[in-house]
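Only one structure is covered here, and it is reproduced in the block below.
The values are calculated or read from the model by the stated rules, or taken from the named source; none is laboratory data. As the structure is a computational prediction, the values presented were derived from the model and not from experiment. Virtual Cβ from ideal backbone geometry, glycine too; neighbours counted across all protein chains shown. Keep in mind that these areas ignore ligands, DNA and RNA; they rest on the heavy atoms of the full protein, side chains included. Shrake-Rupley method; radii C 1.70, N 1.55, O 1.52, S 1.80 Å.
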Amino acid sequence: MTRPENFNRRPATPGQRCGCRKTGRLYGPLETSAFQPVDTNVANNPRFSDYLRPVWQRKWLVVAVIVLATVGTYARAARQPKVYSAGTLVFYQPAGDPLNSGVAFATDRTLQDVAGLLYAETQAQAVAKRIHYAGSPAALLAAVTISDKTGQDFIAISASSRKPMQAAMIANGYAQQLVAITNADEQTVIGQELTGVKQQLARIPNVVANQSARATLLGQMSRLQLALAVPTGTKQVSPAVAPSSPSSPKPSRDAIFAFVLSLILAISVAFGLERFDRRLKRPEDLERAYALPVLAVLPHSADPSPRKDGVSGLGPGFHEAFGLLRTNIQLLTLDEPPRSIVAVSAIPGEGKSTLARNLAITMSEAGKRVVIIEADLRRPMQSGLFGLSAGPGLTDVLTGMAELDDVMHEVAVRARGIDALVRMNAANLPDTPADGYPVDSAVSTVSVVLAGTRPANPATVLESHRLREVLDDLRDSYDLLILDSAPLLSVTDSVPLVRYADAAIVVGRLGLTTRDSVRRMTAFLERMPGTNLLGVVANDLSDLDSGEYGYGYGYGYGYGGRGDEPRAPKVRRRKRASYS
């Protein structure tokens, strides 16, 4: 068999491999009318999830801030000493003119002056003496609040104390002091006027000619004496009573206030952090950053590579997503289907190994003979994904320590629809099994070549001529060769594999891949002419965004949110296999 002298299996001229052309920034797939790209335009407009995502992705930070603020405020308030408050109202009316039956009206300024006078230390001493207050006048002044009612003739007096009865006594004491000093002032004015009337009466001789004047003065004196005996005007309206519950602290009220304030603060912090977040969150962001079409979007899964009874299958929600990926690969390469595909990523953790594993299972569903080469020699993952024991592998074959057949593992996989292909090629097979239910899945196999013994210099091993020979032999024996490579930005091991493969698929994990890593990855790939990049696969679509996308994201068309099967009666679902 003739071996190519160049590590590329075909000339590196763009546009001659798998129907590709140069797109401007990267070498991308030629557009075809049959291509079914994932529709990311439906999510370009702002959606509710876009506003919820910053909070949802930092939900534990938000919850921690709210819980700490609320619980801390409640605990602090609960430890504070209880304070009781009592209040009373005093109707204030300044002294009028009893001689002319005049009534004086208090202005707001007058009420403010009266309230201010009550804060004098002399008034505090008088109140302390009145109510037998044991504390200092300064402490008494600190416990009372006196304010006027704007537009009214009332003065409000409230007092606070750790004892309910003492709070009521302080409020009533100040109210009584206000009434006393106001009425005393009124009595002084009346007394002065009464003295003046008496003096005028004494100066007028008691003769017939002066009887009229003396009668007028006697009438004035009578009214003043009556006003002096019966004081009117300022009075306490409603006496203060001892409160039954404390006015402070109020732990529940303070906790609610802290909850609302911390919620606003936590959400603001989440949105502030979002503005500085360089991670790509939506499939369309990944599409624009790479300037490549999104071939498929994989939903979030707690177990993306499940196994049951030694048989490997696809994780929940992956059947439709990988089915779309397989279809797009086929439609993009109608003229010349690729015999080898390499899965690449910019940084570790984006899911290229899982993509390679599940793509192999998906391709086996189409009846293809598939082999996976674990070419990530630094951090091999396929043995764990397929449940294999680590042992001799690719590096041992390259060094002559083992034969290729000796390191080849045939892994049983659950390939949905494989029985339908068998029945189409064998008319004598029944359409249904003995229990009467149709069979739409069976066990197929995928060949796996593990990495083997880790070499001292993986980059040199992957650039060797012997590796090209091994890969060529596998290409001749299998329909599809899938290469699991190392992250391109971490090491240069994958460069020969990308140049060798007929097609490459870029994997990006939403919420992990950053704009900076994509920019560096794009610049790196631009320096590799002839690379056939089919597109990008957006991995790990969150449950929050899953409802915003349609069939291409593994949902819709009658398929449940996380299920893999069409809706069917429960009795039928119990008879179906877990990985069907």
Hey, can you tell me all the residues within segment 503-536 that are under 14 Å from A346 (Cβ atoms) and without any contact (Cβ under 8 Å) to a residue 12 or more places away in the chain?
A523
For segment 305-321, give me the residue count where each residue is in a helix (DSSP H, G or I) and buried (at least 24 other Cβ atoms within 10 Å of the Cβ).
3
L273 fails exactly one of the following numbered conditions: (1) of a type in the set (A, V, I, L, M, F, W, C); (2) under 22 Å from A523 (Cβ atoms); (3) open to solvent by 60 Å² or more (accessible area, probe 1.4 Å). What is the number of that condition?
(2)
Counted residues in segment 300-351 being in contact with a strand residue (DSSP E or B) (Cβ under 7 Å, 6 or more places away or on another chain) and at positive phi come to 4
Of the listed residues (V507, V470, V446), the one being aliphatic (A, V, I, L, M), surrounded by fewer than 20 Cβ atoms within 10 Å (Cβ to Cβ), at pLDDT 90 or above and under 29 Å from R307 (Cβ atoms) is V470
Do the conditions hold for T362, that is, is it touching a residue at least 40 places away in the same chain (Cβ under 8 Å) and open to solvent by 10 Å² or more (accessible area, probe 1.4 Å)?
no
Please count how many residues of segment 322-340 are of a type outside the set (A, V, I, L, M) and outside any loop (DSSP other than H, G, I, E, B).
7
Checked Y500, Y478 against criteria (touching a residue at least 24 places away in the same chain (Cβ under 8 Å), open to solvent by 30 Å² or more (accessible area, probe 1.4 Å) and more than 30 Å from R53 (Cα to Cα)); the one match is Y478
Restricting the first residue to segment 381-408 and requiring it to be closer than 15 Å to L467 by Cβ, which pairs with a second residue that is loosely packed, with under 13 Cβ neighbours inside 10 Å meet a Cβ separation below 6 Å and a spacing of at least six or different chains?
L398/R466
Just to be sure before I move on: is L483 closer than 17 Å to E403 by Cα and either crowded, with 21+ Cβ neighbours inside 10 Å or among the acidic types (D, E) (or both) in the structure I sent?
no
Filter segment 455-491 down to the residues that are in a loop (DSSP other than H, G, I, E, B) and of a type in the set (S, T, N, Q) and list them by number.
N457, S464, S485, S490
May I ask you to list pairs of residues, at least six apart or on different chains, whose Cβ atoms are under 7 Å apart, with the first in segment 209-237 being within 18 Å of G191 (Cα to Cα) and the second being open to solvent by 90 Å² or more (accessible area, probe 1.4 Å) and at pLDDT 70 or above?
M221/K198
Within segment 142-163, work out how many residues are crowded, with 19+ Cβ neighbours inside 10 Å and either β-branched (V, I, T) or in a helix (DSSP H, G or I) (or both).
5
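Is it true that some residue in segment 137-149 is under 58 Å from the mean Cα position of the chain (by Cα) and modelled with pLDDT under 85? Spell out the reasoning first.
The initial filter retains those residues of segment 137-149 that are under 58 Å from the mean Cα position of the chain (by Cα), namely 137-149.
From the residues that got through so far, the ones that are modelled with pLDDT under 85 too are 148-149.
Yes, some residue in segment 137-149 is under 58 Å from the mean Cα position of the chain (by Cα) and modelled with pLDDT under 85.
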Out of segment 275-301, which residues are more than 14 Å from R509 (Cβ to Cβ) and in a helix (DSSP H, G or I)?
R275, E284, E287, R288
